Every structure is written in C-alpha cells, then in structure tokens.
1. Among the residues of segment 209-233, write down those that are in contact with a helix residue (DSSP H, G or I) (Cβ under 7 Å, 6 or more places away or on another chain) and either in the same structural domain as S111 (by TED's automatic domain parsing) or not in a strand (DSSP E or B) (or both).
2. Of the residues that sit in segment 204-227 and are over 15 Å from A279 (Cα atoms) and either touching a strand residue (DSSP E or B) at 6+ places or on another chain (Cβ under 6 Å) or of a type in the set (S, T, Y) (or both), which one is modelled with the highest pLDDT?
3. Sort out for me the helices (runs of 4 or more DSSP H) sitting completely within segment 39-144 that have 1 or more residues that are modelled with pLDDT of 85 or more and not polar (S, T, N, Q).
4. Does segment 177-186 contain at least one residue that is among the aliphatic types (A, V, I, L, M), at pLDDT 90 or above and part of a loop (DSSP other than H, G, I, E, B)?
5. Please state which one of L268, L292, L284, L303 is farther than 25 Å from T123 by Cβ and in contact (Cβ under 8 Å) with a residue 12 or more places away in the chain.
6. From (1) of a type outside the set (K, R); (2) assigned by TED's automatic domain parsing to the domain that holds S154; (3) closer than 20 Å to I144 by Cα, pick out the condition that doesn't hold for A302.
7. Taking the options Y225, Y283, name whichever one is over 22 Å from the mean Cα position of the chain (by Cα) and hydroxyl-bearing (S, T, Y).
Amino acid sequence: MASPKNNRFVTNLDWNLLRTFVVIVDEGSITRAANRLLRRQPAVSLALQRLEGEIGSRLIERGRGAFRLTAEGRNLYSECVDIYSGVSRLKEIVTSTQQEISGEVKILLASHVITPLLDDLLTNHYQAHPKTTYTIKTASSADIAYQVQEKTASFGICLMNRRLPELDYEVIYREFFGFYCGPLHPLFGKTNLRLSDLKNLDAVSFDTDDLNDALRPVALLRQQYELQQRVVGQSSHLEEVRRMIQCGLGIGPLPVHVVKRDVENGLLWRLPPHKAPPAVDIYLVVNPKKRLNRAESIFIDALRNRIRTTPIQQRTYH
C-alpha cells in the first residue's frame, strides 16, 4: 500500500514535467527541446528545475557545455520511457477486441543489414496490417544494444560484440566479408592475387574492426596473415566505408552479398581471400522487459518464427 507521502507526490505531480524531461534527454539539449516543444528556453529550464524540486534530486548535470544525466536522471528516464510506452498503448488496449492492428513498429538496424527475411516480413506485415506505420533508423551495433538495453528502442538487428545478460539474442543470418578496392587502386582488375599482396597497404574499415569488437573475424584474419595495414579511414556506416574504398583511400572489408552488384558494375574489385572469408553473424536483439505494442509484438513473433523455421544454411549468404 502506497504511503500518504507517495500518494501526495503522485497527486501533485505535473505529468507534463515528465514529458518535458523525456524530450530534453532525447534532444540532449534544453535549447533543442524548447524548439521541439514549441516553447521558450527559459520555460523548459524552469520545468526541469520544478521536476528536480519535486523529485528531490538533480537529474541532469549542466553548465559550461556539459550535459549529462545523473544516476537519478537515468533511472527516471528509463521509467518515463515505460510510462509513455504504456500511455501510447491505451487506445490500442481499449480497442483490442477489434480485428484491425495499428501502431508503430520501430526498427533499429546496423547500416548494412540486408536480408530477404526482413524484406519479405515487412511486405507481408504491411499487407496484413495496413494501418501499421514503420520507423527504421540506423545506428552502430554498440548503440543499438545500448538502446535496447535501456528500453528506448523496441528491438534491434545488428552485429554482436558481447552478450548483455538482460537481452535476448537470435542469429538472423550469417554473412561473409571480403576485401575490396576501388577503380583508382593499383590492384583494381588484377587477378591471381594472394593475401600477401595486401601487406602494408592503406586500408579503410568499420569502427568495429577490432580483435575485441564485432568484426573480430576480419581483424583476426589481418593479424593471422600479418597484413600490417595502416587504417586511414573509419566509419560505423557501410555506405561511408564503401565510399572511401571507391574513392581510392584504401582497401577495406565489405559484406560479399551486399556489394555483389557494385562488383558487377565495376565500382569495386574483390581481393583475396576468395576461399573461407571471415564469417559474421547478424542478430535480432530484444529486451524481454520492454513493453511492446501489438504491432511490434506481432512483427517480432513473425521474425522469430521465420528464424526458427528456416535452416541456418538458407540464412547464410555466401
């Protein structure tokens, strides 16, 4: 049973203050939050101060260019996300007896996720539930895992560095990374190359191309053959890694099935190894404690069913 003090807090709390706090955190700035809320900056600052007064704790460290959530702020933000997730589902809950499914499916992807499993599911899900809307955003694999862990994202599809115990992981598909160069590179168009021909060359790659990160198989191959390449460019997005390769900055790893058409169109040239290239798994990442709307639940259940009924050999892209 709630104490009288807690009852007074709930009764007196202005719930708009929580909404303002969520927007401030999402925007990472009081100024940007004010623009999004169509309010003046002093009013938003005052709302944050009022909320801190009612909570009795400082929620955001700010000043001199600093903007950082305190431990209390992180806990409150996590609870607010759950609260507003529940509020957004109220209409859906009230009308749950209706046949038609509506709601927003938010999908967080690593930049190079390309698989028929996801594409076919999007088509089928939209055809079955035409009132559903979709938001697809890209982020680094580490950021995806963090957002799913913090319940600010419903689910993600990404590479995995290390398993977080509170999250569920399932392999969606397996892909292979090859090394490539662009038309301006001296190795472009050359055949009968060996891995030793790639030694001491400038290279570009992903941020996760490291022995302790998600692209460990690629980094391990480089170490195994002592390629000793100088990394001159990095990005977390496939499009930018591909851009740097095509512009001649250096050679770099890319998923073979993703850039197949670029090779056919003469925009990239495949380099060794042609046999047994590094394999990398792409995962569905879900937080079982995250409350999902009906559209998201149906979507994730359908994706899991496809994963579990499709042999891994058919989900491996050579």
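The values are calculated or read from the model by the stated rules, or taken from the named source; none is laboratory data. From a predicted model like this one, the values you see are computed outputs, not experimental measurements. For neighbour counting, all protein chains shown are included, and Cβ atoms are generated from backbone atoms with ideal geometry for every residue, glycine included.
1. Keep residues of segment 209-233 that are in contact with a helix residue (DSSP H, G or I) (Cβ under 7 Å, 6 or more places away or on another chain), which gives 209-211, 214, 225, 227, 229, 233.
If the condition is that a residue be in contact with a helix residue (DSSP H, G or I) (Cβ under 7 Å, 6 or more places away or on another chain) and either in the same structural domain as S111 (by TED's automatic domain parsing) or not in a strand (DSSP E or B) (or both), then D209, D210, L211, A214, Y225, L227, Q229 are the ones that fit.
2. Per the criteria, the residue is V204.
3. Values: elements: 41-55, 71-88, 90-94, 116-128.
Per the criteria, 41-55, 71-88, 116-128.
4. Yes, segment 177-186 has at least one match.
5. Values: L292 fails: farther than 25 Å from T123 by Cβ; L284 fails: farther than 25 Å from T123 by Cβ; L303 fails: farther than 25 Å from T123 by Cβ.
Going through L268, L292, L284, L303 in turn, the sole match is L268.
6. (3)
7. Values: Y283 fails: over 22 Å from the mean Cα position of the chain (by Cα).
Sole residue among the options that is over 22 Å from the mean Cα position of the chain (by Cα) and hydroxyl-bearing (S, T, Y): Y225.
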